[in-house]
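Asks: Next up is a structure, given as structure tokens.
The values are calculated or read from the model by the stated rules, or taken from the named source; none is laboratory data. Quantities reported herein were computed from a predicted structural model and do not represent experimental measurements. Note: ideal-geometry Cβ built from the backbone for every residue, glycine included; neighbour counts use all protein chains shown.
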Amino acid sequence: MTIEEDIEALLDRQQGMSLIPSWDKGFLLAGDYRFQAKPEGGELVSDQFAIKILVPATFPSQLPTFWEVGSRIPKKANWHINIKTDCSICLGGGLSLRLVARKHPSLTSYFENTLVPYLYAVCLRERHGGSFIFSELSHGEEGLIEEVRDLLVLPSDRAAVAVIRLLSMKKRVANKILCPCGCRERFGICQLQGKLYNFRSLETRKFYKGYLQHMRK
Ligand SMILES: [Zn+2]
């Protein structure tokens, strides 16, 4: 499926949205995004939001950016809005989103697995107040450690940093190092190594090296 066909399929389902002219690299979609969601054991939400979406022509390698443009969602960090940058919606950490995109490489299903859970959480918070029932991962770079820690179920931030360091090394070298999970074995024989497989294919060692430099702890 080409990106144009993918967009067409999405617009077929989202009649309130349309493609608008854009000078950006990619496709700009805007309008009312409708959804209905009912997680197992959760309450039903059926609603719509005024949303603008920039879809890179290279999706799913590169990810879309979403903005709520109806002034309904408070432009605040605790509503998962990237207020320090472009006020787009923060849907989670870069690595988790890339894993979602790999599993759901069409726009329709990618949106259903990223934007919809977010909008659902917004609706619940509007109804009941309280905290945001949505992955509390990541507000930009500060969340990188948390993201890795959560994705790999690691015991500490320190272990998360150590894992990223392993990903930035050659496999052969990494395998000889003491595993950061606490198993007291070499990394090469711990089951954590298998879990990292996905991450190794997701990005290059160079990417993780850069990622490491952003980590503060
Ligand atoms: Zn281990």
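Asks: Just for the range 169-216: of the residues that are farther than 30 Å from Pro105 by Cα and of a type in the set (D, E, K, R), which one is modelled with the lowest pLDDT?
Replies: Looking at the filtered set, the residue picked out is Arg216.
Asks: Can you work out which of the residues in the range 205-217 that are in contact (Cβ under 8 Å) with a residue 60 or more places away in the chain and of a type in the set (Lys, Arg) is nearest to the ligand (Cβ to nearest atom)?
Replies: Here the residue is Lys217.
Asks: Can you name every residue in the range 118-142 that is part of a helix (DSSP H, G or I) and at pLDDT 80 or above?
Replies: The answer is Tyr118, Leu119, Tyr120, Ala121, Val122, Cys123, Leu124, Arg125, Glu126, Arg127, His128.
Asks: Can you say whether Leu115 is touching a Phe, Trp or Tyr at 6+ places or on another chain (Cβ under 7 Å) and in a loop (DSSP other than H, G, I, E, B), as far as the supplied structure shows?
Replies: For Leu115, the condition - touching a Phe, Trp or Tyr at 6+ places or on another chain (Cβ under 7 Å) and in a loop (DSSP other than H, G, I, E, B) - is not met.
Okay, residues lined up against (1) outside any helix (DSSP H, G or I); (2) outside the structural domain of Glu146 (by TED's automatic domain parsing); (3) without any contact (Cβ under 8 Å) to a residue 12 or more places away in the chain:
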| site | (1), (2), (3) |
| --- | --- |
| Lys25 | yes, yes, no |
| Gln36 | yes, yes, yes |
| Asp47 | yes, yes, no |
| Phe59 | yes, yes, no |
| Leu63 | yes, yes, no |
| Arg72 | yes, yes, no |
| Asn78 | no, yes, no |
| Lys84 | yes, yes, no |
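Asks: Which residue, of Ser96, Ser109, is farther than 21 Å from Gly70 by Cβ, among the small types (Gly, Ala, Ser), assigned to a helix (DSSP H, G or I) and without any contact (Cβ under 8 Å) to a residue 24 or more places away in the chain?
Replies: Ser109
Asks: Right, another one. Please determine whether any residue of the range 57-71 is acidic (Asp, Glu), at pLDDT 90 or above, surrounded by 14 or more Cβ atoms within 10 Å (Cβ to Cβ) and over 12 Å from the mean Cα position of the chain (by Cα).
Replies: Checked against the condition, which is being acidic (Asp, Glu), at pLDDT 90 or above, surrounded by 14 or more Cβ atoms within 10 Å (Cβ to Cβ) and over 12 Å from the mean Cα position of the chain (by Cα), the range 57-71 yields at least one hit.
Asks: Which one is farthest from the chain's Cα centre (by Cα), of the residues in the range 179-204 that are more than 14 Å from the ligand (Cβ to nearest atom) and surrounded by 14 or more Cβ atoms within 10 Å (Cβ to Cβ)?
Replies: It comes out as Arg200.
Asks: Among the listed residues Leu99, Leu91, identify the single one that is surrounded by fewer than 17 Cβ atoms within 10 Å (Cβ to Cβ), under 22 Å from Ile133 (Cβ atoms) and modelled with pLDDT under 95.
Replies: Residue meeting the stated conditions: Leu99.
Asks: Additional query: Which ones in the range 155-178 are within 11 Å of the ligand (Cβ to nearest atom) and aliphatic (A, V, I, L, M)?
Replies: The answer is Ala159, Ala162, Val163, Leu166, Ile177, Leu178.
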